[in-house]
Amino acid sequence: MAVQESYSVASNPVYHDKSPLHVLFAGESQTKPLHIVGPKIYDYYLLHYVESGKGQFRSEQHTYELGEGSCFLIHPGRLVSYASDAAEPWSYRWTAFSGSEAQAFVESAGFSGGQSVLFTNSGSLIPSSINRIADAFYSKKESADMAALGYLYLIFSEAREILTSEIHLTGTESQVQRTVKQMIHYMSAQYAHPVSIEQMCESLGYNRAYLSRIFKKETGMSPVTYLLKLRIDKSRQLLRERPELSIEQVAASVGLTDALYFSRQFKRLCGHSPSHYRSLVASSPSFQHDCLY
């Protein structure tokens, strides 16, 4: 039975000449046997998702035999070619994007060091996300541009999850060091909320005793002490720069809802009460005082 070739594409109705990240178009195609594209180069990123059939993708460094559920990312300025299989020609969806932040965007998802291919799991959201980008563009609405970016982030969020799980960390950064960095990032992002170490452990999916042990080994302090130090450092900044805030408001702004507890910890670590520290700064702008950690 002959394969019926089909092709459709939808372009972004909103054009941004210098946007940091911009989806250009999205489409889908059922190719004929041995349908070949290239060798050629593009001046934008182009991601393909193979829905069915088979084919071959050739980059400057490698040749890949790909099938259903696989993706290949074409980088701008690189010579590539891709061809459908003679017996089972592939059907795929694609989306293209560009922008000053596009390179950093794809590298943060794991497409770095020559990485161009991704093998998805069952239930992947990538094909439906590409389809939704095309639907948004077909609608011709001004909001289509923003919707397309949202779906692009979903696509590369899934890519990042898959690619980073495949990386075996070697050299200077171990899995333990990576986990500690995640803990520091979590606390740096959440210190202004009344979060607890238990909530962080649950969020990261690890046992508290294990996380406390590896964190102290890497940093020399417990997670509880690190979080308190972070909050006190931020409160010192607020006391210096926001004199209109009350002590209670400063405490709440760094995630400590009990102002009395905050004042006790501040004095214990810095040698002054928050109000005295503020008055010292106000009377002498050059005042420098390091806390006891």
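What shape does the stretch 175-283 take by its C-alpha gyration tensor, where a ≥ b ≥ c are the square roots of the eigenvalues and a/c under 1.5 counts as rounded, a/b above b/c as prolate, and the rest as oblate?
prolate
Roughly how big is the stretch 175-283's charge dipole about its Cα centre, with Cβ charges of +1 (Lys, Arg) and -1 (Asp, Glu), in debye to the nearest 20?
That gives a dipole near 400 debye.
How much length, in nm to one decimal, is gained on full extension between Glu60 and Glu142, taken as 0.36 nm per residue of separation minus their Cα-Cα distance? Intermediate results must be reported in sequence, preceding the final value.
Numbers: separation 82, 0.36 × 82 = 29.52 nm, distance 3.79 nm.
Once the chain is fully extended between Glu60 and Glu142, it gains 25.7 nm.
Mind listing the phi-derived Karplus ³J(HN,Hα) values for the stretch 268-277, rounded to whole Hz, using 6.51, -1.76 and 1.60 with θ = phi - 60°, and x for any glycine or proline?
4, 8, 10, x, 9, 6, x, 5, 5, 4
Mind putting a number on the dipole of the chain about its Cα centre? Charges go on the C-beta only, +1 for Lys and Arg and -1 for Asp and Glu, and I need it in Debye to the nearest 20.
Numbers: 27 positive and 28 negative charges, 279 e Å.
Approximately 1340 debye in magnitude.
Taking a temperature of 37 °C and a viscosity of 0.692 mPa s, what whole-number D in µm²/s does Stokes-Einstein yield for the chain with Rh from Kirkwood over alpha carbon pairs?
Details: Rh = 23.0 Å.
The Stokes-Einstein estimate is 143 µm²/s.
If you build a Gaussian network model of the chain, linking Cα atoms that sit under 10 Å apart, which residue out of Thr225, Thr95, Thr120 swings the most?
Thr225
Using the Cα atoms of the stretch 211-267 to build a convex hull, what is its mean projected area in square nanometres? Let's see the in-between values first.
Working: hull surface 16.8 nm².
Averaged projected area of the stretch 211-267's Cα convex hull equals 4.2 nm².
Per-residue ellipticity at 222 nm for the chain, helices alone: DSSP H runs ≥ 4 residues times -39500 (n - 2.57), over residue total, nearest 500 deg cm²/dmol? Provide the component values of the computation, followed by the final result.
On the way: 10 runs with 128 residues, N = 293.
For the chain, the value works out to -14000 deg cm²/dmol.
Between Gln177 and Asp43, 0.36 nm times their residue separation minus their Cα-Cα distance comes to what? If you can, show how the numbers build up before the last one.
Values: separation 134, 0.36 × 134 = 48.24 nm, distance 3.74 nm.
Length gained between Gln177 and Asp43: 44.5 nm.
Round to a whole number: what % of the accessible area of the stretch 6-168 belongs to carbon and sulfur, probe 1.4 Å? Please report the intermediate quantities before stating the final value.
Numbers: 4120 of 8180 Å².
Of the solvent-accessible surface of the stretch 6-168, carbon and sulfur hold 50 percent.
Say we join alpha carbon atoms closer than 10 Å with springs in a Gaussian network model of the chain; which of Arg242, Arg58, Arg231 then has the biggest fluctuation?
Of the options given, Arg242 has the highest mean-square fluctuation.
Given springs between every Cα pair under 10 Å in a Gaussian network model of the chain, which of Glu241, Glu88, Glu60 has the largest fluctuation?
Glu241
For the chain, report the accessible area per residue in Å² (1.4 Å probe, heavy atoms, rounded to an integer). Walk me through the numbers on the way to the answer.
Numbers: 16190 Å² over 293 residues.
Accessible area per residue: 55 Å².
Can you compute the radius of gyration and Dmax for the stretch 6-168, using only the Cα atoms, both in Å?
Here Rg and the maximum Cα pair distance are 14.9, 44 Å.
For the pair Val224 and Leu245, what calculated FRET efficiency results from E = 1/(1 + (r/R0)^6), where r is the Cβ-Cβ distance and R0 = 35 Å, to the nearest 0.05?
Working: r = 25 Å, r/R0 = 0.72.
After rounding to 0.05, the efficiency reads 0.90.
The values are calculated or read from the model by the stated rules, or taken from the named source; none is laboratory data. Computed from a predicted model, the values in this text were never measured in an experiment. Quick reminder, even Gly has a Cβ in these numbers, built from the backbone with ideal geometry, and neighbours come from all protein chains shown. Remember, those area values only see protein heavy atoms, side chains included, never the ligands or the DNA or RNA. Shrake-Rupley method; radii C 1.70, N 1.55, O 1.52, S 1.80 Å.
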